[in-house]
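What follows draws every value from the coordinates through simple rules; no lab data is involved. Everything numeric in this text was worked out from a predicted model, so none of it was measured. Glycine also receives a Cβ, built like all others from the backbone with ideal geometry; neighbour counts cover every protein chain displayed.
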Ligand SMILES: [Zn+2]
């Protein structure tokens, strides 16, 4: 029997250019993710991961001047002549959404409506940057889904998948599409394609995302926490009206509306650290402290839940936040591999204690004012604490990655960078 819990290769391979391993799962379409689904891992060519390979393509093969002209043509096709909003830029006020919305406005003459599917729990500095983003000259539509349901779903995803961030991700993808339908704005801009960091490298060749990857195809069911949504509605007595935010629009509706989803990273050479410097010109400020599990102060800093999101990723795949941050910075020549390895060894997998009490409250169903009786009694232990989280986490450790060091009384990875 395989000792790999999630279908990833049993033999760990480390990239010879960055800090990624072949255990980094390719992104899944979250609303299609069922319980027990197997993952596919990052692909390698001659010891180098496809993310590093694509990074070389970005530096050596792509004519960025030509791509910029292509972007102008797309903008010309959709630009409003009657002063209406002509594109949607989703974001929460992080460095990338700062860059995306402002570059489209200032350099391409677009009139973007920014839309925000709210983070679970804004950090103080994330909320501050969100306000600065709007004050830098952008209209914004901020939306919070039903808070009781959202908290419950996050807890359910924690229990079923060790992935409490999933309700945010599902909403974050679907919300701009719903906005496009509601407001009749046909052009939606996303940042970079996640294929830049793995997945199917061929996806990098396309500026747009296929409708079948973002919408519901005919007779298809959608899932949250690995459970089909209508079943979840019945089981926990949650009206479908409170779950509709988590179901993307139908492919046929998207197609007939003429909506197009474009990746800005296809047209403009995406560089997270450069986006950060761009955003600082508009007073974007980094976090006052490094992110838990990493050395960085400028990435994914707006949601308190992000700390655990990366921590759980480390438990499941051996890949922590410092690995994420350093791999990207190596590829953009911001740091070298030796520096990166030292940072990973120092920070990866650090237990994120800074917001834990607030997050435990967030997940404790007995503390959700609007939870119904089925939600309140859904779990053996309604409340959550550190001991509970650690026991739950251990159930998701794959034997091919982890061993327990009884002398030191702690878990250790089976391999070293
Ligand atoms: Zn690599």
**Study point:** Kirkwood-type radius of segment 185-326, with distances r between different C-alpha atoms, in Å
**Key:** 18.3 Å
Review point. When ranked by the protection proxy of mean other Cβ atoms within 10 Å per residue, highest first, what sequence do the peptides 128-135, 90-97, 158-165, 34-41 form?
Key: 90-97, 158-165, 128-135, 34-41
Point to revise | Spatial separation of Cα centroids for segment 174-191 and segment 97-121, in angstrom | key: 12 Å
Point to revise | Space enclosed by the convex hull of the alpha-carbon atoms of the chain, per residue, Å³ | key: 149 Å³
Review point. Which FRET efficiency, nearest 0.05, do residue 128 and residue 3 yield, Cβ-Cβ r, R0 35 Å?
Key: 0.15
Practice item. Return the inverse of the average 1/r over all pairs of distinct C-alpha atoms in segment 54-112, which is the Kirkwood hydrodynamic radius, in Å to one decimal. Key: 12.9 Å
Practice item. Kindly give the semi-axes, whole Å and largest first, of the ellipsoid equivalent to segment 2-124, taking each as the square root of 5 times a Cα gyration tensor eigenvalue. Key: 36, 22, 13
Check your understanding: Working out 0.36 nm times the residue gap between residue 274 and residue 407, then minus their Cα-Cα distance, what length gain in nm do you get to one decimal?
Key -> 43.4 nm
Study note, to complete from the structure: Packing-ranked peptide list from 388-395, 311-318, highest mean Cβ count within 10 angstrom first, is 311-318, 388-395
Exercise for review: May I ask for the distance between the Cα centers of segment 348-375 and segment 245-293, given as a whole number of Å?
Suggested key: 27 Å
Exercise for review: Could I have the simple spin-label model distance between residue 219 and residue 146, label points 7 Å from Cα toward Cβ, reported in nm to one decimal?
Suggested key: 2.9 nm
**Study point:** For segment 171-241, convex hull volume per residue from C-alpha positions, Å³
**Key:** 131 Å³
Check your understanding: Gap in Å between the Cα centre of segment 53-93 and the Cα centre of segment 399-413?
Key -> 47 Å
Exercise for review: First measure r as the distance between the Cβ atoms of residue 69 and residue 111, then evaluate 1/(1 + (r/R0)^6) with R0 = 25 Å and state the FRET efficiency to the nearest 0.05.
Suggested key: 0.75
Study note, to complete from the structure: Dividing the helical contributions, -39500 (n - 2.57) per DSSP H run of n ≥ 4, by the residues of the chain yields a 222 nm value, nearest 500 deg cm²/dmol, of -12000 deg cm²/dmol
Check your understanding: So for the pair residue 59, residue 208, with labels modelled 7 Å out along Cα→Cβ, what separation do we get in nm?
Key -> 3.3 nm
